[in-house]
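Take a look at the structure below.
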Amino acid sequence: MSNVLSTASLPVFKLFLGNLKTCLQKTLTNAAERGFDTQVLVEYRLAPDMLPFKRQILIACDAAKLGASRIANVDAPKFDDTETTFEQLIERVSKTIDWIETVTPQAMDQAAGRDVTFTVGKETKTMVAEDYLLHWVLPNMFFHITTAYSILRHNGVPLGKRDYLAGSLMA
């Protein structure tokens with residue numbers, strides 16, 4: 001049995017969500033230093049038709065959580081999406097990482113070659129597990145983490161490429 005699914009997912013989910021958490025924590029520190037309320041960022045958008053910052057965080061977490069649960073065929077916890085503060089968003093990332101750590105590599109790898117069916121809006125899609133991970137789940141998670149990172153950078157939070165790629169490793 002190949003270990004592509006587990007090695008391409010679980011450590012990547014944990015690393016990039018950990019990096020996102022580090023960026024959020026650095027934002028709290030920067031806000032204290034600069035004297036601004038992080039609450040102004042929670043609903044911030046780069047463009048009027050974009051989802052706000054908080055939704056970027058929630059969707060990044062859900063992409064990893066639901067992707068892992070669908071591939072491993074295990075139940076994911078239900079989060080109510082009621083986060084309204086920066087601290088709550090950090091906690092959401094932490095809870096997602098904690099849950100991902102419970103998913104076993106064996107459960108992921110047993111899905112090799114199996115179809116995964118999921119909803120996108122009002123549509124249902126089916127993809128082979130490997131394609132679902134590599135062409136849907138990971139790009140979706142990266143998109144929303146990148147968008148959250150961009151909102152923070154746009155608002156003057158001193159983050160760099162190293163924070164995005166390895167922030168949790170340097171913390």
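FYI, it's all coordinate maths here, none of it is from the lab. Quantities reported herein were computed from a predicted structural model and do not represent experimental measurements. For neighbour counting, all protein chains shown are included, and Cβ atoms are generated from backbone atoms with ideal geometry for every residue, glycine included.
Of all the options Val157, Val137, Val128, the one that moves most in a Gaussian network model of the chain with Cα springs shorter than 10 angstrom is Val128.
Just tell me the longest site-free run in the chain, where the sites are trypsin sites (Lys or Arg not before Pro) in a DSSP loop having at most 14 other beta-carbon atoms within 10 Å.
Details: sites that count: Arg45, Lys78, Arg114, Lys122.
Answer - 123-171.
Taken as Cα centroids, the range 1-48 and the range 73-100 sit 12 Å apart, rounded to the nearest whole angstrom. Annotated for the range 4-170: lysine pairs at least 8 residues apart or interchain, Cα distance under 25 Å, count 29.
In deg cm²/dmol, rounded to 500, what helix-only [θ] at 222 nm does the chain give when every DSSP H run of at least 4 residues adds -39500 (n - 2.57) and the total is split over its residues? Please list the in-between numbers first.
Details: 9 runs with 104 residues, N = 171.
Here the helix-only value at 222 nm equals -18500 deg cm²/dmol.
Which of the helices in the chain meet the span-like rule: DSSP H, Cα axial reach of 18 Å or more, Kyte-Doolittle mean at least 0.0?
Numbers: long enough: 10-34 (35 Å, 0.18); 53-72 (29 Å, 0.52); 86-100 (21 Å, -0.03); 138-154 (23 Å, 0.38).
Helix filter hits for the chain: 10-34, 53-72, 138-154.
Summary value for the chain: 39 percent relative contact order, contacts being C-alpha pairs under 8 angstrom separated by 6+ residues. For the range 78-171, GluC sites (Glu not before Pro) meeting the loop criterion (DSSP other than H, G, I, E, B) and having at most 15 other Cβ atoms within 10 Å: Glu101.
Taking 0.36 nm per intervening residue step and subtracting the Cα-Cα distance, what contour gain separates Glu87 from Val74 on full extension? Before the final figure, lay out each step's value.
Working: separation 13, 0.36 × 13 = 4.68 nm, distance 2.81 nm.
Gain in length upon complete extension: 1.9 nm.
Could you calculate the contour length gain from Ala166 to Thr124, that is, 0.36 nm times the residue separation minus the distance between their Cα atoms, to one decimal place in nm?
Details: separation 42, 0.36 × 42 = 15.12 nm, distance 3.46 nm.
Between Ala166 and Thr124, full extension yields 11.7 nm more.
If you model the chain as an ellipsoid using its alpha carbon gyration tensor, with each semi-axis the square root of five times an eigenvalue, the axes come out at 29, 17, 13 Å, biggest first.
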